[in-house]
Amino acid sequence: GKHLVKQIAFFDDCFVVSAFMDLRIVIAKLIERGISTLVNLAGIPATVGGAIVMNAGAFKMNISDNLLWVKYLKDGKEVTKDINDIYFSYRSSELKEENIIVLEAGFKTITDKEVMFIYKNILEKRRNRHPLNYPNCGSIFKNLEKKRAYEVIKDIYLDDYSIGGAKFSEKHANFIVNYNKAKASDIYKLIILAKKRALILEDVTLKEEVILLNFPSYKLMFKKP
């Protein structure tokens, strides 16, 4: 319907984006205008709406940082909520817990003469750090306060460890790559194995950054005696 319009509207000090747009396309269009509002998120495969609900982030920037308001559909009604009235946290938001469809969002316009340089630099960092040669869904676990998730995976001897056609990448251990026709169950088994090992060997609770659909998260199994 009329909500599925994929467009960006620019105003004096803000811009409005349709939630159904690919974040990568949005950022490319912003860069053309010298706008750096979302530049650190360059290369993240997501729709704008999905990125907002997850509070996607990279290189010390979250999508909620320069967000002004979000319009969404709830129980058949359109709701517009100011950023100050929405709770955002690390890779999450209150929108994640609700049954809603994000329609569009407004962002602050921030300009930077160096934006093209920053953009290219971030894409280059992604290429160097992340295993982009195999299909993957990005980081699997959230980073911990004192340790990064990839370090935990290495400490529990799971980097380059495979089940079926999936493995924890040796290039970035917090990525599970599909290197040979992996099934969802292969990836799921790796996630559960890592959670168990982290708890037993390192006394650390790994929490998924990804959302598991039709797979239980095994939270109950991890209650310590």
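The values are calculated or read from the model by the stated rules, or taken from the named source; none is laboratory data. Worth saying up front: this structure is predicted, and the values here are computed from it rather than measured. When we count neighbours, we look across all protein chains shown, and the Cβ atoms used for this are built from the backbone with ideal geometry, even at glycine. Surface accessibility is based on the protein's heavy atoms, side chains included, excluding ligands, DNA and RNA. Shrake-Rupley method; radii C 1.70, N 1.55, O 1.52, S 1.80 Å.
Please determine, by comparing only the residues of the range 15-39 that are open to solvent by 30 Å² or more (accessible area, probe 1.4 Å) and either under 22 Å from the mean Cα position of the chain (by Cα) or not basic (Lys, Arg) (or both), which one is farthest from Glu94 (Cα to Cα).
Ranking the qualifying residues of the range 15-39, first place goes to Glu32.
What residue, among those in the range 157-168 that are in contact (Cβ under 8 Å) with a residue 24 or more places away in the chain and buried (at least 21 other Cβ atoms within 10 Å of the Cβ), is farthest from Glu202 (Cα to Cα)?
Across the range 157-168, the extreme among qualifying residues is Ala166.
Say we look at the range 72-88 and pick out the residues that are touching a residue at least 24 places away in the same chain (Cβ under 8 Å) and under 26 Å from Glu208 (Cβ atoms); which of these is least open to solvent (accessible area, probe 1.4 Å)?
Only one residue fits best here, namely Tyr72.
For residues that are in contact (Cβ under 8 Å) with a residue 40 or more places away in the chain and either among the small types (Gly, Ala, Ser) or in a helix (DSSP H, G or I) (or both), scanning just the range 145-156, find the one that is nearest to Ala28 (Cα to Cα).
Ala149
Would you check if there is a residue in the range 187-200 being open to solvent by 50 Å² or more (accessible area, probe 1.4 Å) and part of a loop (DSSP other than H, G, I, E, B)?
No, every residue in the range 187-200 fails to be open to solvent by 50 Å² or more (accessible area, probe 1.4 Å) and part of a loop (DSSP other than H, G, I, E, B).
Scan (1) closer than 22 Å to Lys60 by Cβ; (2) modelled with pLDDT of 95 or more for the single condition Arg91 breaks and write down its number.
Of the numbered conditions (1) closer than 22 Å to Lys60 by Cβ; (2) modelled with pLDDT of 95 or more, the odd one out for Arg91 is (2).
For the range 96-108, indicate whether the set of residues that are in a helix (DSSP H, G or I), basic (Lys, Arg) and at pLDDT below 95 is non-empty.
Checked against the condition, which is being in a helix (DSSP H, G or I), basic (Lys, Arg) and at pLDDT below 95, the range 96-108 yields at least one hit.
Pick from the range 128-144 the residues that are in contact (Cβ under 8 Å) with a residue 60 or more places away in the chain and closer than 19 Å to Gly165 by Cβ: which of them is most open to solvent (accessible area, probe 1.4 Å)?
In this case the residue turns out to be Cys137.
Condition test on Arg197, is it farther than 18 Å from Ile44 by Cβ, out of contact with any His (no Cβ under 7 Å at 6 or more places or on another chain) and not acidic (Asp, Glu)?
Considered against the rule, which asks whether it is farther than 18 Å from Ile44 by Cβ, out of contact with any His (no Cβ under 7 Å at 6 or more places or on another chain) and not acidic (Asp, Glu), Arg197 comes out as yes.
For the range 58-71, does any single residue satisfy the condition of being without any contact (Cβ under 8 Å) to a residue 12 or more places away in the chain and open to solvent by 50 Å² or more (accessible area, probe 1.4 Å)?
Yes, the range 58-71 has at least one match.
Against the condition more than 30 Å from Ile200 (Cβ to Cβ) and free of Cβ contacts under 8 Å to residues at least 12 places away in the same chain, how does Lys120 come out, does it pass?
So Lys120 passes the test.
Taking only pairs six or more apart or across chains, which ones have beta-carbon atoms under 6 Å, a first residue in the range 19-30 that is free of Cβ contacts under 8 Å to residues at least 40 places away in the same chain, and a second residue that is assigned to a loop (DSSP other than H, G, I, E, B) and open to solvent by 30 Å² or more (accessible area, probe 1.4 Å)?
If the second residue must be assigned to a loop (DSSP other than H, G, I, E, B) and open to solvent by 30 Å² or more (accessible area, probe 1.4 Å), the pairs left are Phe20/Lys6; Met21/Lys6.
Exactly one of (1) closer than 30 Å to Lys207 by Cβ; (2) of a type in the set (D, E, K, R); (3) without any contact (Cβ under 8 Å) to a residue 60 or more places away in the chain is unmet by Arg91. Its number?
(3)
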